[in-house]
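Heads up, the thing below is written out as structure tokens.
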2 protein chains.
Amino acid sequence: MSALRFPDLPPSEPQGADLLAQERSRTTFSVHDLSNYIYGEEYLERQEKFLGLIENEPAFDKSNRYFLGRTERFAGALKKDYALVKLAQQEKWNPEEFQQADILIDEPGPFGLHRGMFMPTLVSQGTDEQHELFLKPALRYEVIGCYAQTEIGHGSNVQGIETTATYIPETNEFELHTPYLTACKWWIGGLGKAANHAVVMARLISNGKDYGPHALCVPIRSMEDHTLLPGVMAGDIGPKFGYNTTDNGCMWFDHYRVPHVSLLAKYSSVKPGSGEYIKPPNSKLSYGTMVLIRASLVGYARIGLAKAATIATRYSAIRRQFVDKDQPKKMGKETIETPVLDYSMQQYRLFPIIAAAYACHFTSKEMMRLYYLNIKNMAAGNFSLLADVHASSSGLKSLTTTMAAASIEECRRACGGHGFSSFSGLPLLLQDYAPNVTWEGDNYMITQQTGRYLFKSFRDLVAKRASGKFSASQITNPTLAYLNTYLDNPDLKCPATTPAQFHNPEIQLAAYGHRAAHMIAEIVHGLDVEKRSWNSMLVEIYNASVAHCQLILVQNFILGIRGDMPQPEGVTATPLSPAAKEALTDLSDLFALHQIHKQPGEFLTSGYIEAKHVSMMGKAIMDVMDKKIRPNAVGFVDAFAFPDYYLNSALGRFDGKVYEAYTEMATREPINQTEVIEGYEQYIKPFTNPKGLKGKSIQARL
Amino acid sequence: MSALRFPDLPPSEPQGADLLAQERSRTTFSVHDLSNYIYGEEYLERQEKFLGLIENEPAFDKSNRYFLGRTERFAGALKKDYALVKLAQQEKWNPEEFQQADILIDEPGPFGLHRGMFMPTLVSQGTDEQHELFLKPALRYEVIGCYAQTEIGHGSNVQGIETTATYIPETNEFELHTPYLTACKWWIGGLGKAANHAVVMARLISNGKDYGPHALCVPIRSMEDHTLLPGVMAGDIGPKFGYNTTDNGCMWFDHYRVPHVSLLAKYSSVKPGSGEYIKPPNSKLSYGTMVLIRASLVGYARIGLAKAATIATRYSAIRRQFVDKDQPKKMGKETIETPVLDYSMQQYRLFPIIAAAYACHFTSKEMMRLYYLNIKNMAAGNFSLLADVHASSSGLKSLTTTMAAASIEECRRACGGHGFSSFSGLPLLLQDYAPNVTWEGDNYMITQQTGRYLFKSFRDLVAKRASGKFSASQITNPTLAYLNTYLDNPDLKCPATTPAQFHNPEIQLAAYGHRAAHMIAEIVHGLDVEKRSWNSMLVEIYNASVAHCQLILVQNFILGIRGDMPQPEGVTATPLSPAAKEALTDLSDLFALHQIHKQPGEFLTSGYIEAKHVSMMGKAIMDVMDKKIRPNAVGFVDAFAFPDYYLNSALGRFDGKVYEAYTEMATREPINQTEVIEGYEQYIKPFTNPKGLKGKSIQARL
């Protein structure tokens, strides 16, 4: 039993539960309808069912999560991953159902990359024989794999990796070898302790020629007893900022021989005996997977944003501080301290984050639709969508994950001191979310891919327009559309003369489109006319990618609410109730205008927006936040439908019993289990009672 | 012994040590001179001496720091704090020397607030009798104290605290009581487990009247055996984002009686028997301490910035990625991948952080000078400096700690994936630095104090100018000076027509001054003419404080390098060598211009800067970064003179042996101590070898 107990006293009035009830009574739309619109009824029903299966199962218990050190947390995650696979097998979950349960449990574990990277690579790059050999046992978790690409000295530049796989014609084997310390595999999720197989990216060398990075699937640990196989050394890379429940690992090879069948040979291979290299068909098909992963990260950004916003918004409705003298808050007859959610600064910090979560919802939906459409087109030989989708997915991955990471930290700080407590749930969220800004393409680096596409599109369009044979029918995507509008009139000015006019989505879209096009035009001028080097323009290129992708988010938000977004084939859109539509329009306005108001620089230098507009927008924002969004704030986050089990936060509880939950959690802190700390005799008593005095004599001295 | 070992192979060429040597050979100034200029020779000599005392003492060992869970880390911190006090007693350190050693060890411990808040409060608010009773034993660590102000339901608004201290005339005692759960003391550093006394802020009630918060010094744990005293319940508040080596605690009182002498009575008191309240003299003296603490946080921001910049800059000189096709990097005859520090984006991310560290150096020095000058003035009845210094210290605390926290995270990300590893040193730095943005006044909230002063100054100045009796001699401080310049010509335009002209400090200062004054003028118009509420303008008020304080940083940087800053009385300025002066001028230019270039919005809307200037500044920045700062980057961070023991970073080592250190650290990871993880039999084998097959049969299956 804890040596710490709290008084049997309520928090002072008003109670959190009453405050949240009051908030909920003000919501102008049905929270249930909005949740259904986002997730679909099936998903929400399944969530209830899964909660029943998970919440009270010890392997999925979260009550000790914040107290454990890394070693214990990893041990718990291994147990959890085992139990989750057993449950999935028992319940016969499909991958989508598995993922839904996995999100609820919310703890990256040692088997995550087996599902996320190892098996998908086998599927896409393995032959039928290799599927038989590796994929089938992998589906049973008999083979547990990881994806070993990154090296300690080589990350984003895959072409720079140093591990070699040399074909040995005599034995028809490959020899994996690590030639330098910099070539050690590093960061490989699941490799540290769990995996018995790895897909290894290595430079393929045959007959003395280096064919660059290729994937091999190889055993690394004994199927009998899990010891490392001879020639393989592997282990865990140690503690990290987050993700400490995953065994990110390192590995090196000492002339490790593997059979010919290890080289994943769907696209390229080496002829047994002769060692002749068979080239892959020159295909862009591999972009597909990257687009899928980046698009799915936009969806995960939504979850991160929504989770942080839920915690901070609910808590801000309960936490009270100072009295706003111009508008004192009453509860009955009493003046109470003003809930911090009533302060315009808190609204300016939190409401755009709620809006960003909804923005990511619409764009992630659209990216998934485009991904599947593109896959279908490519199968039919039509590559027209690929470049645009690939470019957008890179930039959107960068923008939305950067935004989500910053927003989670903003929410943490917006909870004041209590956001620093692990019990808020925000520190762990921040830490586990953090790798998103680096993996799957560093957020600065990958915007160059977006940039290249944008500049090419711009140059092509300019050339077409100059050719005299240009007609609007040649505009095949939204990027060309906004570039063309800009080229039609680069000196366009915003016509708004009142704050209210900024609620017009056409003005919002024009502002974003003009700014992005202007930035692209300036960069192309810098590269092509001023002959500046690519390296010297990386900052501008990054900013142009952000501008392009902010436009996409704004556009999809507006079209999504209107119901004007195309739906995936065979899907009927869930209708949005008029009340929810109106409420989401407020968020869409805020999302579009807040970004301009907060960082107007590029909008101003593009010439479309003038100084007077920025202050008009400020007024429009303050107005919509105070009058329209404030009453719906708790409703908006309730609609994200995150159960308390998922949030695991004393501050973000649905019932508002913040202080009761928070103090209860503190009683469970391990160092509270004894009243006097273990080190007292050794490290405190020598100062405070060096002579070992007892009884009244010593107390009386003070 | 670790089950993980690494190959006895070097990293691939070029070696980190050679790259850093090459960097250091390019530095245009003497690093030693610059270090001396910043710290003074005495400080640096002492650092060497302290390192000798500390580095090899087991209590101060850092080699396990990244591996331990919270319980073990707290146990270690208690041991460390004990050993540090013993060492300080042995070495007879003064407070300044103690602080220097404490910074090197770099681990917030359970005795930190005893020194940082408990004793200073006794000094400033205690009577001679109370000094005898509490302060003297506190200096010997017989009394170990904490400062109990914050409550779980009450943070920034001290007036809102609920704990009561009721005078009981019959016994001449005070009765401390916790009336609600929200009144539990919370976040109190050192209270959780270590302290035996507390300064408690409680509402003083006498004869039924509530006199608001007052400080009492009370025993809370037995001097005999450290158990909690009857009527007091206390414990640790649990795990946090950082600061887990400190026992932030909670406490509540159940009608706990303490003697009359507990009420710290230097300024206000209660008459024994009658309970008559004796009011404090109406004094602004208490602002002094707040200014000191906030000014010292500017100095700590410098350390945070400098530490992160040192790690990221050295690593970026070693880490290579891709080949910059326009300017391929050669090492001997070989083309090598380009060091990431050569990419303009990396420079744009890191160099302004180096510059910000130097900026904070000059401003923290100036703030300390003003603090002591103001204390001296106030003692002589001159309060003329107080308001300006108080306002600036609030805004600067907010700006510099926000900047440092963001920069530490930026440096972490700029190290790519490896910034996510604890071994980089950056995650722990980020986590332990994080509370700076919240404590001593939340960074958003306290800017209102800066705002109030700025608006009052502006109104007063406008009135004086309108009175017709205004003369420039009435301008007593730099704030009034820039406001007056603006009022002289609110439509002033920047005269620069070339990028080079932006190196002119007068233009930089004019841009910052005009922007800040314009923002202040707009807010005063909003409040006084448009009659907008204070709450509705909090965003503008925050931005105005940032603008004012950025100007202060820019100004002090420029004047500091020039040698035009006033020196504290009796201090002779260390001269700056011409080479170092030139190099620092590059950083000062970058600091001033980068902030405008990155967020030009307010500079544009103020009218002084136009769109064309922003792109000119972009060119000026790229030029100074590439040609001037790049060769000195490693020299600038070397001059911060942080020993490897302090940095505790595999990436930031002075010798550049990044990969050697990093892999060595991984071998010490606890879960690497056995080759096969403990959970294998239970959680992996049931999938991978369910039938317990042995020997060749099972290996042969693949």
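The values are calculated or read from the model by the stated rules, or taken from the named source; none is laboratory data. If you're wondering where the values come from, they're calculated on a predicted model, not measured in any experiment. Here Cβ is always computed from backbone atoms with ideal geometry, including for glycine, and neighbour counts include all displayed protein chains. Only protein heavy atoms, including side chains, enter the accessible area calculation; ligands, DNA and RNA are left aside. Shrake-Rupley method; radii C 1.70, N 1.55, O 1.52, S 1.80 Å.
A few comments on the model shown:
- When A:G109 is tested against (1) assigned by TED's automatic domain parsing to the domain that holds A:Y243; (2) closer than 21 Å to A:N196 by Cβ; (3) in contact with a Lys or Arg (Cβ under 8 Å, 6 or more places away or on another chain), just one condition goes unmet, and that condition is (1).
- Each residue in segment A:663-684 was checked for being part of a helix (DSSP H, G or I) and either within 7 Å of another protein chain (Cβ to nearest Cβ) or open to solvent by 50 Å² or more (accessible area, probe 1.4 Å) (or both), and 12 of them qualify.
- Residue within segment A:361-374 that is crowded, with 21+ Cβ neighbours inside 10 Å, among the hydrophobic types (A, V, I, L, M, F, W, C) and closer than 30 Å to A:M622 by Cα present: yes
- Evaluation of B:N56 against (1) modelled with pLDDT of 95 or more; (2) open to solvent by 20 Å² or more (accessible area, probe 1.4 Å) (one fails), failing number: (1)
- The residue list B:S262, B:S269 contains one member that is within 12 Å of chain A (Cβ to nearest Cβ) and among the hydroxyl-bearing types (S, T, Y), which is B:S262.
- Segment B:472-502: number of residues that are buried (at least 19 other Cβ atoms within 10 Å of the Cβ) and under 20 Å from B:K619 (Cα atoms): 4
Residues checked against (1) closer than 22 Å to B:L396 by Cβ; (2) over 26 Å from the mean Cα position of the chain (by Cα):
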{"site": "B:K531", "(1), (2)": "no, yes"}
{"site": "B:I552", "(1), (2)": "yes, no"}
{"site": "B:G560", "(1), (2)": "yes, no"}
{"site": "B:S577", "(1), (2)": "no, yes"}
{"site": "B:T585", "(1), (2)": "no, no"}
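- Residue in segment A:297-309 that is of a type outside the set (G, A, S), in the same structural domain as A:H214 (by TED's automatic domain parsing), buried (at least 18 other Cβ atoms within 10 Å of the Cβ) and touching a residue at least 60 places away in the same chain (Cβ under 8 Å) present: no
- Every condition in (1) at positive phi; (2) open to solvent by 10 Å² or more (accessible area, probe 1.4 Å) holds for A:G656 except the one numbered (2).
- The condition (being open to solvent by less than 20 Å² (accessible area, probe 1.4 Å) and more than 9 Å from chain A (Cβ to nearest Cβ)) is satisfied by just one residue among B:Q125, B:Q130: B:Q130.
- Candidate set: segment A:582-599, residues that are farther than 10 Å from A:N632 by Cβ and among the charged types (D, E, K, R); chosen: the one least open to solvent (accessible area, probe 1.4 Å): A:D589
- Qualifying positions in segment A:54-71 - free of Cβ contacts under 8 Å to residues at least 40 places away in the same chain and under 22 Å from A:L87 (Cα atoms): A:N56, A:E57, A:P58, A:A59, A:D61
- Hits in segment B:406-430 (condition: of a type outside the set (S, T, Y), open to solvent by 10 Å² or more (accessible area, probe 1.4 Å) and within 16 Å of the chain's Cα centre (by Cα)): B:A406, B:E409, B:E410, B:L428, B:L429, B:L430
- Condition broken by B:S533, with the remaining ones in (1) touching a Ser or Thr at 6+ places or on another chain (Cβ under 6 Å); (2) open to solvent by 10 Å² or more (accessible area, probe 1.4 Å); (3) within 14 Å of another protein chain (Cβ to nearest Cβ) satisfied: (1)
- Criterion violated by B:G275 - all others in (1) on the phi < 0 side of the Ramachandran plot; (2) more than 14 Å from chain A (Cβ to nearest Cβ); (3) part of a loop (DSSP other than H, G, I, E, B); (4) buried (at least 17 other Cβ atoms within 10 Å of the Cβ) satisfied: (1)
- Listed by first and then second residue, the pairs linking a residue in segment B:383-394 that is not assigned by TED's automatic domain parsing to the domain that holds B:M368 to a residue that is at pLDDT 90 or above and assigned to a helix (DSSP H, G or I), with Cβ atoms under 7 Å apart and 6 or more places separating them unless they lie on different chains, form an empty list.
- Residue within segment A:633-646 that is open to solvent by 50 Å² or more (accessible area, probe 1.4 Å), more than 7 Å from chain B (Cβ to nearest Cβ), more than 30 Å from B:A544 (Cβ to Cβ) and assigned to a helix (DSSP H, G or I) present: yes
- Here segment B:431-468 is the region considered, the condition is being acidic (D, E) and not in a loop (DSSP other than H, G, I, E, B), and the residue that is most open to solvent (accessible area, probe 1.4 Å) is B:D460.
- Flag for B:F50 being crowded, with 16+ Cβ neighbours inside 10 Å, more than 14 Å from every other protein chain (Cβ to nearest Cβ) and in contact with a Ser or Thr (Cβ under 8 Å, 6 or more places away or on another chain): no
- The residues listed here are B:K86, B:K79; of these, the one that is buried (at least 16 other Cβ atoms within 10 Å of the Cβ), within 14 Å of chain A (Cβ to nearest Cβ) and among the basic types (K, R) is B:K79.
- Qualifying residue in segment A:313-323 (condition: surrounded by fewer than 17 Cβ atoms within 10 Å (Cβ to Cβ) and either β-branched (V, I, T) or in a loop (DSSP other than H, G, I, E, B) (or both)): yes
- Within segment A:473-516, restricting attention to residues that are among the β-branched types (V, I, T) and within 22 Å of A:T585 (Cα to Cα), the residue that is nearest to the chain's Cα centre (by Cα) is A:I507.
- Count of segment B:1-38 residues which are within 13 Å of chain A (Cβ to nearest Cβ) and within 30 Å of the chain's Cα centre (by Cα): 0
- Complete set of residues in segment A:336-373 that are among the polar types (S, T, N, Q) and either within 18 Å of A:R24 (Cα to Cα) or more than 12 Å from chain B (Cβ to nearest Cβ) (or both): A:T338, A:Q347, A:T363, A:S364
- The conditions of being at pLDDT 95 or above and not assigned by TED's automatic domain parsing to the domain that holds A:T182 are met by A:L87.
- The listed residues are A:S12, A:S63, and the only one of them that is of a type outside the set (A, V, I, L, M, F, W, C) and surrounded by 13 or more Cβ atoms within 10 Å (Cβ to Cβ) turns out to be A:S12.
- Considering only residues in segment A:151-163 that are surrounded by 19 or more Cβ atoms within 10 Å (Cβ to Cβ) and more than 7 Å from chain B (Cβ to nearest Cβ), the one that is farthest from A:M201 (Cα to Cα) turns out to be A:H154.
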